[in-house]
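Heads up: the structure comes next, in structure tokens.
Nothing in this text is a laboratory measurement; each read-out follows from the coordinates by a stated rule. Small disclaimer: the values here were computed from a predicted structure and weren't measured. Every residue, glycine among them, receives a Cβ derived from its backbone with ideal geometry; neighbour counts consider all protein chains shown.
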Amino acid sequence: MWRAGAIVLLAIGLLVAPVGAEHGPFFDDVECPTGFAQIVLDAGHGGPDPGAVHETYGLYEKTLTLGIAERTAEILRIDYGYRVALTRQDNETELGNSERGEIANACGAKAFVEIHLNASLDRDVDYAQTFWGEKEKDLAFSLVMNEALGSLGIPLNAVERFDNGGLLRAKMPSVLVEAVFLSNTGEAKDLTNGTRQEGIAQAIALGVVDWMRLLE
């Protein structure tokens, strides 16, 4: 049984064909890491950009998102048989947002997921949220993924538009996931001992699978 609700089914009706974005520079030298992939996962940040940082626990968003992306890919490959590529394989690689979307294009992907962790000055704030770039190609996927994040057991914030280069550049349905707040004290503790990463990876994988089944 698919988890997608009626609002998602209504939104997917708007999806006639992928709409390519004409934003940012072209990347003629970009290649797919695997030659081809049905799904491309992008671990947010990387290189000199650490993303959100929790200094007390020594946590860096770029490191955590890579681990989550790797585990998500493993689930999708082993449990569901999808061919999956990651935009970056290590924490030294530096990528621009548009370049990340172009990697997904080079793979001929059917779904592109950008994985991030959120941050706030208020250490008690914690919720999951997804963002879309172009309504016609991304909104329905964002709604499906947002519903899947409900398994994290925290509030779900409303799906919102985000003028992100990766989302806009990718030609296929794309979503940016802000899974949990790295700044939240409880989440930081769980991320430190490694227990939270598995739940996040499982939720993202479930959202991808729900979406791919809707396309069948």
> Given (1) assigned to a helix (DSSP H, G or I); (2) of a type in the set (Gly, Ala, Ser); (3) crowded, with 23+ Cβ neighbours inside 10 Å, where does Ala109 come up short, assuming only one miss?
Replying inline: (1)
> Which one of these is crowded, with 19+ Cβ neighbours inside 10 Å, assigned to a loop (DSSP other than H, G, I, E, B) and touching a strand residue (DSSP E or B) at 6+ places or on another chain (Cβ under 8 Å): Arg88, Arg100?
Replying inline: Arg88
>> Given the criterion surrounded by fewer than 16 Cβ atoms within 10 Å (Cβ to Cβ) and among the small types (Gly, Ala, Ser), identify the matching residue among Gly194, Gly133.
In response: Gly194
> So which residues in the range 71-92 are within 17 Å of Gly47 (Cα to Cα) and under 12 Å from the mean Cα position of the chain (by Cα)?
Replying inline: Leu86, Thr87
>> Return the residues of the range 35-68 that are surrounded by 23 or more Cβ atoms within 10 Å (Cβ to Cβ) and of a type in the set (S, T, N, Q); say none if nothing qualifies.
In response: Thr65
>> For the condition closer than 25 Å to Ile39 by Cα and surrounded by fewer than 24 Cβ atoms within 10 Å (Cβ to Cβ), what is the one hit in Arg169, Arg123, Arg213?
In response: Arg213
>> Can you list residue pairs whose Cβ atoms sit under 7 Å apart, with the first residue in the range 112-132 being among the hydroxyl-bearing types (Ser, Thr, Tyr) and the second being crowded, with 16+ Cβ neighbours inside 10 Å and assigned to a loop (DSSP other than H, G, I, E, B)? Count only pairs 6 or more apart in sequence or on different chains.
In response: Ser120/Ser183; Tyr127/Ile154; Thr130/Val159
> Does at least one position in the range 173-186 carry a residue that is among the hydrophobic types (A, V, I, L, M, F, W, C), in contact with a strand residue (DSSP E or B) (Cβ under 9 Å, 6 or more places away or on another chain) and part of a helix (DSSP H, G or I)?
Replying inline: no
>> So Arg196 ticks every box in (1) assigned to a helix (DSSP H, G or I); (2) in contact with a helix residue (DSSP H, G or I) (Cβ under 6 Å, 6 or more places away or on another chain); (3) under 21 Å from Ala37 (Cβ atoms) but one. Which box is left unticked?
In response: (3)
>> If a residue must be charged (D, E, K, R) and within 16 Å of Asn164 (Cβ to Cβ), how many such residues does the range 94-113 contain?
In response: 3
> Can Ser151 be described as touching a helix residue (DSSP H, G or I) at 6+ places or on another chain (Cβ under 7 Å) and surrounded by fewer than 17 Cβ atoms within 10 Å (Cβ to Cβ)?
Replying inline: yes
